[in-house]
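Notes to accompany the following structure.
The numbers here are math on the coordinates, done by the rules we state, and not lab data. Since this is a predicted model, take the numbers as computed values, not measurements. Cβ: placed from backbone, ideal geometry, glycine included. Neighbour counts: every protein chain shown.
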Amino acid sequence: MSRWWACAVAGLVAIAAPSMAGAQTFELFGPDTSRNRHESEQNFLIELRGGPWFPDVDAEFNGRATPFADMFGTADRVMLGAEFDWQFLRINPVGSIGLGVAAGYTSVSAIAPLTQNPMPGAAGWQRPTDGQETSLNVIPGYAVAVVRLDVLARRTVVPLVPYVKYGVGYAYWWITNGDTLARRSLALSPGATAGDPDLGQAATGGTLGTHFAAGLMLRLDVFEPMVQRAWDLQMGVNHSYLFAEYVRSDLSGLGARPQLRLGTETWNVGLAMEF
């Protein structure tokens with residue numbers, strides 16, 4: 001397992017390194033005396049995450065209709081993703097402030113029920129042909145400011161690091177009926193008119209919004225300090241963590257015309273590494 005994570009970290013670092021070349025962490029209130037003299041310099045953090053996902057597509061109907069739940073059910077799906085943070089400012093000895101970018105992927109599929117009445121739908125949603133498999137594919141991402149408070153893990157025996165994130169979120173989505181892209185239709189696009197240029201186009205697009213998360217990281221060095229030191233010497237990974245976080249993603253278009261709402265309120269767990 002550790003070899004798999006090492007390969008994942010190496011791949012993400014290789015992707016991010018060209019754009020972050022020359023980046024470094026700036027320090028306030030003197031040098032970082034909390035850093036162990038055996039540790040390499042620390043500038044970045046990578047997170048690999050997963051968690052349940054159920055979008056608030058049906059929220060725009062205020063209880064009048066539930067097209068997403070009717071089609072795909074109410075069970076949570078799994079969202080997988082990764083995040084890269086540049087910890088550009090170290091506030092000694094309290095913690096760090098960083099900038100993070102992330103992307104993930106999830107999809108839901110179902111066989112269209114055999115019905116006679118049209119199914120109401122969200123913006124950009126087209127009723128599939130009876131018996132066809134319909135899929136909603138989503139690639140969500142965000143850019144956030146991140147505050148991590150690692151003073152406990154650095155100065156005490158408590159290996160916990162709380163953090164908060166806030167910024168802009170965006171989800172690119174597309175809907176397929178069978179093997180082809182679905183098409184937009186007038187009856188299923190709230191607020192649309194007969195002359196709307198979007199009607200008849202492929203059911204694909206993007207939804208903008210906000211992203212908030214708050215979590216707690218458990219520093220794993222305390223369990224195997226010699227292994228972590230060896231990993232630092234070989235790969236430059238200062239610390240590794242397990243984490244859990246609460247997420248509120250409000251992807252509703254920020255007041256723009258009716259859009260497919262893909263925000264969610266959920267939780268994630270994963271592995272994080274500082275280097």
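Working ranking of peptides 102-111, 53-62 by packing, defined as the average number of other Cβ atoms within 10 Å per residue, highest first, is 53-62, 102-111. Annotation: amide H-H contacts under 5 Å for Val237 (H modelled 1.01 Å from N, sequence separation of 5 or more, or interchain): Asp232.
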